[in-house]
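**Q** Handing you this structure, nothing more for now.
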Amino acid sequence: MNLKKLLLTNNECYIANKNKKHIPKGGLLHSTGANNPYLSRYIAPDDGLLGKPSSQHWNQVLAGGRKACVHAFIGKLKDGGVATYQVLPWDMPCWGSGSGSLGPTKNANNNGYLQVEICEDGLNDKDYFDLVYKEAIELFAYWSKKFNWNPLTDIICHSEGHKKGMASNHADVMHWFPKYGKNMDLFRQDVKKEIEQGGEEMAEKVYNTLSECPDYAKPTIKKLIDKKLLNGSSNGLNLTESMLRILVITDRAGLYK
Ligand SMILES: [Zn+2]
């Protein structure tokens with residue numbers, strides 16, 4: 001997964017939900033419904049990879065004139081490569097599904113779904129589909145692992161969310177995936193396979209709280225937190241096993257007395 005981060009801090013969703021936290025309990029997959037595969041249609045400012053943003057980008061109060069924001073986008077960079085951009089903190093509720101219980105009008109504190117939009121093209125390019133499908137598999141595998149989801153039960157698409165009464169009446173992604181022999185059941189199985197096979201990025205577990213850390217690392221991590229050398233982001237400590245080992249070794253060497 002080619003994961004980047006650019007938070008849409010000017011979007012009304014970010015402003016309204018700044019101090020709201022949810023615990024992600026599942027993932028919801030969208031596709032944009034507009035023929036424009038470029039991330040710069042939605043994400044601004046240009047970070048050098050995205051290219052010049054559209055005037056309808058989502059890093060302004062109203063996203064293309066609507067109250068809307070998701071946690072991530074998958075689409076094309078300026079150079080044609082495909083990337084995933086995180087645009088909201090994972091622990092912030094989003095406004096991804098229009099009028100349903102996952103939309104901006106209801107109690108966003110409790111929605112608990114991480115939502116991603118895949119930027120649609122003309123729905124006629126298999127190479128692009130394969131790239132964004134793979135990127136989505138890897139994102140949902142990463143989320144499932146990070147938040148302990150069962151990929152077979154905790155992942156839905158927007159059209160399934162509507163059937164469950166949680167989201168507005170949209171067809172995504174089932175107007176697109178079947179063109180290339182895919183559907184949500186296959187998607188969920190592919191996420192499960194990705195988790196089991198453990199791609200490169202899945203190899204390292206991430207520790208977000210002191211209590212999650214292995215015992216050998218706890219005294220060091222506690223010391224660093226007490227000394228305010230380690231604060232963590234809004235998503236937690238975000239420490240991998242290798243980082244823990246380096247911190248413990250440097251602690252034993254007397255660096256943090
Ligand atoms: Zn949707």
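**Q** From Gly64, Gly51, Gly75, grab the single residue that is surrounded by 14 or more Cβ atoms within 10 Å (Cβ to Cβ) and closer than 18 Å to Val173 by Cβ.
**A** One residue alone meets the criteria, Gly75.
**Q** Give the number of residues within segment 163-189 that are more than 20 Å from Cys119 (Cα to Cα) and buried (at least 19 other Cβ atoms within 10 Å of the Cβ).
**A** Of the residues in that region, 1 qualify.
**Q** Report, by residue number, each residue of segment 145-167 that is within 15 Å of the ligand (Cβ to nearest atom) and among the β-branched types (Val, Ile, Thr).
**A** Answer for segment 145-167, where residues must be within 15 Å of the ligand (Cβ to nearest atom) and among the β-branched types (Val, Ile, Thr): Ile155, Ile156.
**Q** Tell me, yes or no, whether segment 5-27 has at least one residue that is surrounded by fewer than 17 Cβ atoms within 10 Å (Cβ to Cβ), in contact (Cβ under 8 Å) with a residue 40 or more places away in the chain, in contact with a Lys or Arg (Cβ under 8 Å, 6 or more places away or on another chain) and not charged (D, E, K, R).
**A** no
**Q** Give me the pairs, please: first residue somewhere in segment 235-257 and of a type in the set (S, T, N, Q), second residue anywhere and in a loop (DSSP other than H, G, I, E, B), beta-carbon distance under 7 Å, and either six or more positions apart or on two chains.
**A** Within 7 Å, the pairs are Asn235/Pro89; Asn235/Trp90; Asn235/Asp91; Asn235/Asn208; Asn238/Asn208; Asn238/Gly232; Thr240/Glu204; Ser242/Glu204.
**Q** In addition: List pairs: first in segment 173-187 and on the phi < 0 side of the Ramachandran plot, second part of a helix (DSSP H, G or I) and open to solvent by 60 Å² or more (accessible area, probe 1.4 Å), Cβ under 7 Å, 6+ apart or cross-chain?
**A** Listed pairs, sorted by first residue: Tyr180/Lys126.
**Q** Applying the selection to segment 38-48, what residues are open to solvent by less than 50 Å² (accessible area, probe 1.4 Å) and within 18 Å of the chain's Cα centre (by Cα)?
**A** Selection gives Leu39, Ser40, Tyr42, Ile43, Ala44.
**Q** Which fully enclosed helices (runs of 4 or more DSSP H) of segment 159-257 have 2 or more residues being more than 25 Å from the chain's Cα centre (by Cα)?
**A** 218-226, 241-252
**Q** What single numbered condition from (1) at pLDDT 95 or above; (2) in the same structural domain as Gly112 (by TED's automatic domain parsing) fails to hold for His158?
**A** Just one mismatch for His158, condition (1).
The values are calculated or read from the model by the stated rules, or taken from the named source; none is laboratory data. Small disclaimer: the values here were computed from a predicted structure and weren't measured. Cβ atoms come from the backbone with ideal geometry, glycine included; neighbour counts cover every protein chain shown. Accessible surface areas use protein heavy atoms only, side chains included; no ligands, DNA or RNA. Shrake-Rupley method; radii C 1.70, N 1.55, O 1.52, S 1.80 Å.
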